[in-house]
1. Run the Debye formula on the Cα coordinates of the chain, all scatterers equal and no solvent, and tell me log10 I(q)/I(0) at q = 0.20 1/Å.
2. How much length would be gained if the chain were fully extended between Arg41 and Lys16, taking 0.36 nm per residue of separation minus their Cα-Cα distance, in nm to one decimal?
3. Could you work out how far helix 36-52 tilts from the main Cα principal axis of the chain, as a 0 to 90 degree angle to the nearest 10?
4. Given the rule -39500 (n - 2.57) for each run of at least 4 DSSP H residues, summed and divided by the residues of the chain, what is its mean residue ellipticity at 222 nm, to the nearest 500 deg cm²/dmol?
Amino acid sequence: MEKKLYDECFYVEQKKYGLWNSTNLEGKGLITSLIEEECVRATRFYLKGLQEGFDKEDGKVYDGTVRGKL
């Protein structure tokens, strides 16, 4: 498939199995999605977060440990 350039800062193209991937101008992979429009939207959101800084709420810590006996 042919790469499409969006916002002059990232490419989106359809890959194997119909997945959509975005890459930056240097070719580094950014987002993978099932739908092209979602890939573009998520990539814009991600790049905006990188540029402006992601919101970090102090005091919130999440633990992924499962406690208990099975």
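1. -0.80
2. Stretched fully, the Arg41-Lys16 segment lengthens by 7.0 nm.
3. Helix 36-52 and the main axis of the chain meet at about 70 degrees.
4. Working: 1 runs with 17 residues, N = 70.
It comes out at -8000 deg cm²/dmol, rounded to the nearest 500.
Quick note: the coordinates plus some simple rules give every number you see, no bench work behind them. None of the values given here were measured: they were computed from a predicted structure.
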